[in-house]
Amino acid sequence: MNIKNILLIAGFFGLLGSGMAQCDTEAKLCDRYFEKSFISDGQEYRALLHSDQEAEFQTTLFGGNVYRMVSCSGEEAGELIFTLKDQEGNELFNSAGFGNAPYWDFNVESTAEVTINARLDKNKKSSGCAVILLGFKQ
């Protein structure tokens with residue numbers, strides 16, 4: 001392995017590290033939408049997105065709970081559009097229909113596997129880190 005390859009690999013990991021550091025900042029910003037009455041599910045769903053890319057996350061929602069889903073991609077609210085879909089692909093919620101709301105509270109009647117999709121609002125941001133936090137009410 002020559003020095004050029006080593007520098008290329010080091011540069012890649014440096015960019016990856018700076019992108020993940022950006023995601024750390026975004027995750028801290030998301031916390032402002034988490035009230036003390038909600039407990040995090042312990043996951044931070046993260047993805048670095050560019051232009052028309054979309055991130056997809058899978059999770060299980062347990063029946064009998066009230067959940068809060070929070071989305072962030074910067075200091076400004078509304079830069080990230082998120083959707084929640086059931087196993088058949090039926091859209092349960094789309095934040096675009098609510099002014100790209102940064103969070104959504106919802107009741108889950110029965111346990112379900114769901115898909116969360118997140119993409120940047122291309123009118124507000126062309127690249128950045130998408131962070132989704134999910135919590136349930138105490």
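The values are calculated or read from the model by the stated rules, or taken from the named source; none is laboratory data. Since this is a predicted model, take the numbers as computed values, not measurements. Every residue, glycine as well, gets a Cβ built from its backbone with ideal geometry; the counts of neighbours run over all protein chains shown.
Residues that are outside any loop (DSSP other than H, G, I, E, B), more than 20 Å from residue 126 (Cβ to Cβ) and either within 13 Å of the chain's Cα centre (by Cα) or at pLDDT 90 or above (or both): does the range 8-22 have at least one? The answer is no; no qualifying residue exists.
Between 57, 93, 82, the distinction of being without any contact (Cβ under 8 Å) to a residue 40 or more places away in the chain and either of a type in the set (A, V, I, L, M) or in a strand (DSSP E or B) (or both) belongs to 93 only. If the condition is being over 25 Å from residue 51 (Cα atoms) and not β-branched (Val, Ile, Thr), then the range 84-132 contributes 86, 87, 88, 105, 106, 107, 109, 110, 112, 113. Scanning the range 28-53 for residues that are surrounded by 14 or more Cβ atoms within 10 Å (Cβ to Cβ) and of a type outside the set (Ser, Thr, Tyr) returns 29, 30, 34, 38, 41, 44, 46, 47, 48, 49. Contact map, the range 34-47: residues that are assigned to a loop (DSSP other than H, G, I, E, B) paired with residues that are of a type in the set (A, V, I, L, M), Cβ distance under 7 Å, separation 6+ or inter-chain. Pairs shown: 34/70; 34/133. A Cβ distance below 6 Å, combined with a sequence gap of six or more or placement on separate chains, defines the contacts here; from the range 101-125, residues that are farther than 10 Å from residue 80 by Cβ reach residues that are loosely packed, with under 15 Cβ neighbours inside 10 Å and aromatic (Phe, Trp, Tyr) in the pairs 111/62. For the range 100-120, the condition of being of a type in the set (Gly, Ala, Ser), closer than 22 Å to residue 23 by Cα and touching a strand residue (DSSP E or B) at 6+ places or on another chain (Cβ under 6 Å) holds for at least one residue.
Which ones in the range 84-99 are closer than 16 Å to residue 133 by Cβ and not aliphatic (A, V, I, L, M)? The answer is 93, 95. Evaluation of residue 129 against the conditions (1) within 16 Å of residue 73 (Cβ to Cβ); (2) at pLDDT 90 or above; (3) of a type in the set (A, V, I, L, M, F, W, C); (4) in a strand (DSSP E or B) shows that the sole unmet condition is (2). When the test is whether a residue is over 24 Å from residue 125 (Cα atoms) and either outside any strand (DSSP E or B) or modelled with pLDDT of 90 or more (or both), residue 105 passes it. When the range 39-58 is limited to residues that are among the polar types (S, T, N, Q) and within 12 Å of the chain's Cα centre (by Cα), the one that is modelled with the lowest pLDDT turns out to be 43.
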